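Peer 1: Have a look at this one.
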Amino acid sequence: MDKDKITDTAIEFIKTNGYHPQVAIIVKDNGNLLYVDLDTTPEHKESEIQALYLLCQAENAVGVFIIVEAWLTFIQSNNPKRREVLNISYQDRDTMELKTYEIEKRDGKVIDLHDISTPPVGELTYGGLMSEAFPTSPLPLSERRKARMVANKIRKKNRKGRG
């Protein structure tokens with residue numbers, strides 16, 4: 001698994017297509033990647049993270065990328081000075097990294113992305129739900145099946161009624 005290759009692929013995708021789907025890429029313990037679409041609407045964001053946590057457990061994940069488009073603003077969400085960005089985060093048992101790229105558009109088309117990531121100031125604390133998503137030893141098959149089933153139920157409920 002090459003973090004730079006995944007980042008480069010995401011940047012190339014948005015330049016070519018003008019958008020990037022909200023996606024998680026689960027890195028399995030065997031090196032294979034599992035792509036999972038994310039519903040990042042406010043009403044589903046928390047349950048999507050719970051489902052992602054369960055999928056990481058079910059797939060014996062060693063890491064996960066989360067790639068989303070977002071608005072960067074320092075005052076309010078409808079601020080005309082807000083900036084459209086592509087966030088690419090990577091987490092595993094020991095680290096958490098975030099890259100932020102400002103999206104430059106002309107005539108509605110993406111023409112470039114600029115790395116506006118800031119280096120961490122001081123020591124970052126790594127915690128929260130996803131910090132425990134990566135099992136130190138594989139779960140028993142029955143537990144993996146349960147985790148996958150619950151995750152799929154959550155995701156199905158979140159997508160109910162979508163066209």
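Peer 1: Could you work out how much longer the chain between Asn30 and Lys5 gets when fully extended? Use 0.36 nm per residue separation minus the Cα distance between them, nm to one decimal.
Peer 2: Extending this stretch completely gives an extra 7.2 nm.
Peer 1: Next question, about the same structure. State, to one decimal in nm, how far the label point of Tyr19 lies from the label point of Arg145, with both points 7 Å from Cα in the Cβ direction.
Peer 2: Between Tyr19 and Arg145, the simple spin-label model gives 3.8 nm.
Peer 1: Right, another one. Suppose R0 equals 25 Å. What FRET efficiency, 1/(1 + (r/R0)^6) with r the Cβ-Cβ distance, do Arg82 and Glu12 give to the nearest 0.05?
Peer 2: Approximately 0.50, to the nearest 0.05.
Peer 1: Count the lysine pairs in the stretch 3-157 that are 8 or more places apart or on different chains: how many have C-alpha atoms under 19 angstrom apart?
Peer 2: Final tally of qualifying lysine pairs is 17.
Peer 1: Moving to a separate point now. Can you list the HN-Hα couplings for the stretch 149-159, worked out from phi with the Karplus curve (6.51, -1.76, 1.60; θ = phi - 60°), rounded to whole Hz and with x for Gly and Pro?
Peer 2: Going residue by residue, I get 4, 5, 4, 5, 5, 4, 5, 5, 4, 5, 9 Hz, with x marking Gly and Pro.
Peer 1: Using alpha-carbon pairs under 8 Å, 6+ residues apart, how would you state the relative contact order of the stretch 3-157 in percent?
Peer 2: 24 percent
Each value in this text was obtained by applying a stated rule to the coordinates, not by laboratory testing. All values derive from a computational prediction rather than experimental measurement. Heads up, the Cβs are rebuilt from the backbone with ideal geometry, glycines too, and the neighbour counts pull from every protein chain shown.
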